[in-house]
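Input: a single structure, listed below in structure tokens.
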């Protein structure tokens, strides 16, 4: 749970309400994106260390909605390669939580819904979340893993089983990166690395980072945005941060 607590602290430090400040609209929302990007960076940099990668996947499932960039599929491939699928005790629960969010994203139109029966194989394209839950079910069936957790998991599984049959959903052949995580991640970095927040006042040269972490603001910046025009951080807090300590609030 250490990873989860760390990321939760990172979210709190990007929430102006926690500091009685008003910076700009959606600061906390953009801050959550920044934290999610840091998590994806952590996952990418932890390649080869399945325990670290799994801890990050757990935190993603607990803190955020999933999307096509979610590393869950790649994580399952890595666990399969390492022979660890049977040793991750909460795997079925995390898969269930991710399945719920994927189902919700499809309902909201963020993931395309396949129409009609799949007649023939088309030219391979980048994976973008289609058949996400059926693929999870396929991994579960292959390794005797039962998804559980959400109250509506039975309905989600039933719909996924029907989709798998209608669309002839099968797991991809074994490969180094069958879900295209590396390629997809690089494309995501290129697309989002220059996004600026707060009317461009705190620009970014890469994804993630700490530009929206309020503890990285100068005292003058915090005072200017504070409701009482005082720095919400005490001298003791500032000293602790300079000494390399982490601030935990909430």
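Return a yes/no flag: does region 123-141 have any residue that is over 26 Å from residue 48 (Cβ atoms), modelled with pLDDT of 90 or more and either surrounded by fewer than 17 Cβ atoms within 10 Å (Cβ to Cβ) or touching a strand residue (DSSP E or B) at 6+ places or on another chain (Cβ under 8 Å) (or both).
Yes, the conditions are met somewhere in region 123-141.
Kindly provide the set of residues from region 49-82 that are in a loop (DSSP other than H, G, I, E, B) and at pLDDT 90 or above, ordered by number. Quick ask: steps written out before the conclusion?
Filtering region 49-82 for residues in a loop (DSSP other than H, G, I, E, B) gives 49, 64-71.
Across region 49-82, the qualifying residue is only 49.
Could you go through region 6-13 and let me know if any residue there is outside any helix (DSSP H, G or I) and under 25 Å from residue 238 (Cβ atoms).
yes
Hey, can you tell me all the residues within region 24-49 that are out of contact with any helix residue (DSSP H, G or I) (no Cβ under 6 Å at 6 or more places or on another chain) and touching a residue at least 40 places away in the same chain (Cβ under 8 Å)?
24, 30, 31, 34, 37, 38, 40, 41
Would you mention how many residues in region 83-103 are at pLDDT below 90, closer than 12 Å to residue 132 by Cα and out of contact with any helix residue (DSSP H, G or I) (no Cβ under 6 Å at 6 or more places or on another chain)?
1
Does residue 171 satisfy being surrounded by 15 or more Cβ atoms within 10 Å (Cβ to Cβ), without any contact (Cβ under 8 Å) to a residue 40 or more places away in the chain, under 29 Å from residue 91 (Cβ atoms) and touching a helix residue (DSSP H, G or I) at 6+ places or on another chain (Cβ under 6 Å)? Please lay out each step first, then the result.
Values: surrounded by 15 or more Cβ atoms within 10 Å (Cβ to Cβ): yes; without any contact (Cβ under 8 Å) to a residue 40 or more places away in the chain: yes; under 29 Å from residue 91 (Cβ atoms): yes; touching a helix residue (DSSP H, G or I) at 6+ places or on another chain (Cβ under 6 Å): yes.
Against the criterion (surrounded by 15 or more Cβ atoms within 10 Å (Cβ to Cβ), without any contact (Cβ under 8 Å) to a residue 40 or more places away in the chain, under 29 Å from residue 91 (Cβ atoms) and touching a helix residue (DSSP H, G or I) at 6+ places or on another chain (Cβ under 6 Å)), residue 171 qualifies.
Within region 189-207, is even one residue assigned to a helix (DSSP H, G or I), at pLDDT below 90 and in contact with a helix residue (DSSP H, G or I) (Cβ under 7 Å, 6 or more places away or on another chain)? Step through it out loud before you land on a result.
Here is the first cut: in region 189-207, the residues assigned to a helix (DSSP H, G or I) are 189-192.
If we keep only those that are at pLDDT below 90 too, we end up with 189-192.
Okay, now just the ones that are also in contact with a helix residue (DSSP H, G or I) (Cβ under 7 Å, 6 or more places away or on another chain), so none.
No, region 189-207 has no match at all.
From (1) part of a helix (DSSP H, G or I); (2) at pLDDT 90 or above; (3) within 26 Å of residue 37 (Cα to Cα), pick out the condition that doesn't hold for residue 156.
Against the list (1) part of a helix (DSSP H, G or I); (2) at pLDDT 90 or above; (3) within 26 Å of residue 37 (Cα to Cα), residue 156 comes up short only on (3).
The values are calculated or read from the model by the stated rules, or taken from the named source; none is laboratory data. The model shown is predicted, which means the values in this text are computed figures rather than measured ones. FYI the Cβ positions are ideal-geometry reconstructions off the backbone, even for glycines, and counts take in every protein chain you see.
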